[in-house]
Amino acid sequence: MMQQDGKTLTINSESPTKRDLEGTDCTDISATNAKDIDNDAFEGCKQLKSVDFPKLTEIGVRAFQESGLESIHAPEVKRIQSLAFQDCHQLESVDFPKLTGIGNAVFRGCKQLKSANLPILDTIQRYMFEQSGLQSIHAPQVKLIDHDAFDGCHFLESAYFPECKDIAREAFVFCNSLKSASFPECEDIAREAFRSCEELSSVFIPKIKSISVACFWGSTNLKRLVVSQALIDKHDPERHGWWWKEKGINPQRTKITSVEIWAKEQNIEAIDNDSLLMLCLLNNDPDYRPSWPEIGRRCPNMPFHLLVKHCPEDKRSSLPTLSKKIQDTTQPKTNKDLLLAYMEQLRIGPSDKISSQIGAEYKDIGWLTSANNIKTFTLKDIAKILYAATKEIDKTLKGPSGPGKNTLG
């Protein structure tokens with residue numbers, strides 16, 4: 001059963017196809033009962049512009065290949081087969097929050113594709129975004145990037161994959177606009193993975209075990225490379241320059257360093273590895289700008305004063321927001337001023353209830369009373385203190401006209 005409403009065709013079928021559009025001038029499909037899309041179901045259907053499949057779980061091989069599709073709403077999709085969206089030149093973004101399995105070359109040739117949200121996918125398959133217009137991708141659980149996955153993505157400017165361990169051959173070849181690449185957990189990079197990335201200037205791979213031949217050939221703008229200390233110890237850039245050059249890295253042009261070397265330069269001691277990686281990443285990847293909650297989740301035990309001290313000035317949005325009152329009063333210009341401003345903010349409250357509430361939650365560390373005390377506080381501690389204070393402020397400011405405001409940011 002089908003029903004037409006303007007340009008939208010409503011279909012009750014569990015497996016809609018392009019035949020449903022024949023004889024209509026509809027460009028949009030709504031199929032609330034659709035569970036799967038068969039192979040070739042809408043292949044070459046230029047008429048199709050948008051689809052709404054709220055219960056869809058699987059998309060077949062070449063299902064939308066070379067169609068006129070501009071947008072798709074399918075929040076329950078768990079698997080997409082090979083070539084499903086290949087050469088969908090009008091598709092602008094994809095969001096598949098439950099996607100766990102995907103085939104090859106799914107988005108290859110999608111020239112207008114700008115963003116992809118794939119939050120639980122663990123593998124970027126081969127040719128997946130080849131020659132697409134991709135500018136940004138959110139895929140925090142990816143462990144493997146297969147060969148040619150981003151080949152020729154000329155508009156991709158940064159790559160950050162926090163869980164990725166392996167990068168296959170030619171994965172980012174000819175990404176002409178790629179400026180920074182960060183893979184905190186990566187251990188192996190295959191040959192020519194970053195070949196001819198002409199704008200690539202910063203690479204962060206602190207746990208790398210092996211870099212294959214020609215990995216960075218043609219990427220002549222590489223200025224900074226963070227690798228594992230073990231790799232530097234094994235192949236000293238000053239004595240084994242030939243080893244790095246066969247990878248496409250010139251030690252005379254590229255600063256090759258490690259997290260340990262960076263920490264020593266910054267006089268950072270006695271800090272857990274996750275926190276050290278985060279601080280180093282913040283300072284070595286110009287495009288990495290995490291939120292305050294993201295930093296807290298990844299390294300809850302980081303001393304708060306170290307984050308403030310070593311957070312680059314242009315990345316202060318990664319820190320908790322200071323209240324307007326504190327900003328106007330202290331007007332912090334340096335990181336030292338900023339740390340003092342946070343101390344001032346944490347010591348101010350609308351009532352003694354905040355101090356007593358915090359005292360109850362922090363019997364082991366107490367309340368802030370001096371500049372040195374803040375060194376005992378971790379990000380987890382600061383988050384709890386701010387939360388406790390915010391709840392009390394909200395209570396005191398709440399009036400008959402509506403909820404109160406969070407003056408602690």
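Brief remarks on what is shown
- Positions within the stretch 133-179 being more than 11 Å from the chain's Cα centre (by Cα), in contact (Cβ under 8 Å) with a residue 60 or more places away in the chain and under 19 Å from E92 (Cα atoms), in sequence order: E157
- Any chance L339 is modelled with pLDDT under 80, surrounded by 15 or more Cβ atoms within 10 Å (Cβ to Cβ) and closer than 27 Å to A270 by Cβ: no
- Evaluation of T254 against (1) at pLDDT below 95; (2) surrounded by 20 or more Cβ atoms within 10 Å (Cβ to Cβ) (one fails), failing number: (1)
- Just one residue in the set V203, V173 is at pLDDT 95 or above and part of a strand (DSSP E or B); that residue is V203.
- Test for S50: is it polar (S, T, N, Q) and within 13 Å of A31 (Cβ to Cβ): yes
- Test: residue in the stretch 271-281 that is crowded, with 19+ Cβ neighbours inside 10 Å and among the small types (G, A, S): yes
- When every residue of the stretch 244-252 is checked against the conditions, none turns out to be without any contact (Cβ under 8 Å) to a residue 40 or more places away in the chain and part of a strand (DSSP E or B).
- Members of the stretch 64-114 that are over 21 Å from N33 (Cα atoms) and of a type in the set (S, T, Y): S67, S82, S93, T100
- Among residues of the stretch 293-309 being in contact (Cβ under 8 Å) with a residue 40 or more places away in the chain and buried (at least 18 other Cβ atoms within 10 Å of the Cβ), the one that is nearest to the chain's Cα centre (by Cα) is I295.
- Residue match in the stretch 206-214 (condition: over 19 Å from E260 (Cα atoms) and part of a strand (DSSP E or B)): yes
- When D188, D166, D148 are checked against the criterion of being charged (D, E, K, R) and crowded, with 23+ Cβ neighbours inside 10 Å, a single residue qualifies: D148.
- Checklist (1) within 20 Å of the chain's Cα centre (by Cα); (2) buried (at least 23 other Cβ atoms within 10 Å of the Cβ); (3) aromatic (F, W, Y) applied to F64, failing item: (1)
- Boolean, E198 is surrounded by 19 or more Cβ atoms within 10 Å (Cβ to Cβ), more than 18 Å from the chain's Cα centre (by Cα) and not hydrophobic (A, V, I, L, M, F, W, C): no
Results for (1) modelled with pLDDT of 95 or more; (2) touching a Lys or Arg at 6+ places or on another chain (Cβ under 7 Å); (3) crowded, with 16+ Cβ neighbours inside 10 Å; (4) not hydrophobic (A, V, I, L, M, F, W, C), shown as yes or no for each residue.
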site: R79; (1), (2), (3), (4): yes, no, yes, yes
site: L91; (1), (2), (3), (4): yes, no, yes, no
site: F96; (1), (2), (3), (4): yes, no, yes, no
site: G101; (1), (2), (3), (4): yes, yes, no, yes
site: F107; (1), (2), (3), (4): yes, no, yes, no
site: L113; (1), (2), (3), (4): yes, no, yes, no
site: N117; (1), (2), (3), (4): yes, no, no, yes
site: Q125; (1), (2), (3), (4): yes, no, yes, yes
site: V142; (1), (2), (3), (4): yes, no, yes, no
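The values are calculated or read from the model by the stated rules, or taken from the named source; none is laboratory data. The model shown is predicted, which means the values in this text are computed figures rather than measured ones. Neighbour counts run over all protein chains shown; Cβ positions are idealised from the backbone, glycine included.
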